[in-house]
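Comments concern the structure below.
The values are calculated or read from the model by the stated rules, or taken from the named source; none is laboratory data. Just so you know, these numbers come straight off a predicted model, no measurement behind them. Every residue, glycine as well, gets a Cβ built from its backbone with ideal geometry; the counts of neighbours run over all protein chains shown. Note: areas computed on protein heavy atoms with side chains; ligands, DNA, RNA excluded. Shrake-Rupley method; radii C 1.70, N 1.55, O 1.52, S 1.80 Å.
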Amino acid sequence: MSRALLVLAAAVVVSISSTGCYKAPDEPLKLEGNMLTVSNVSDDEWTHVEIWLNQNFRMITPSIPPGKRFQASLGQRFNFKRMQVKDVRLMAKLPDGKPVELTMPFYVGGLEGAFGGKR
């Protein structure tokens, strides 16, 4: 009986320690404060990269290699304290010329989110 408890306890410790090692994959588009981070989580290089904020502000970079990041401060042109970011989109090209298009999801909070509000 005590051997069965030892085996069970060992299994619980192994399952807890293995879940502690899990690292969630990076989000391709992440906004933290006034810093935008674009992570190329694909196996292909992205070229001719354009990132649009609220369809009015554009950032460009020639490429983002696979597994690498591009970071940019929202900076002087985008007044982060007075403007709300409602839309972030990325457009780029793959090596074979096919387009890459990503849109950052925004989650609705409060009562609007609880009752199925859209943004």
Restricting to segment 81-103, name every residue that is assigned to a strand (DSSP E or B) and either basic (Lys, Arg) or open to solvent by less than 40 Å² (accessible area, probe 1.4 Å) (or both). 88, 89, 90, 92, 93, 100
Report, ordered by the first and then the second residue, all pairs with beta carbons closer than 6 Å, sequence separation of six or more or different chains, a first member in segment 94-108 that is at negative phi, and a second member that is at pLDDT below 95 and surrounded by fewer than 12 Cβ atoms within 10 Å (Cβ to Cβ). 106/119; 108/117; 108/119
Given the conditions (1) modelled with pLDDT of 90 or more; (2) open to solvent by 90 Å² or more (accessible area, probe 1.4 Å); (3) among the aromatic types (Phe, Trp, Tyr), which single one is not true for residue 107? (1)
If a residue has to be within 15 Å of residue 93 (Cβ to Cβ) and exposed (fewer than 14 other Cβ atoms within 10 Å of the Cβ) to count, how many in segment 44-80 make the cut? 6
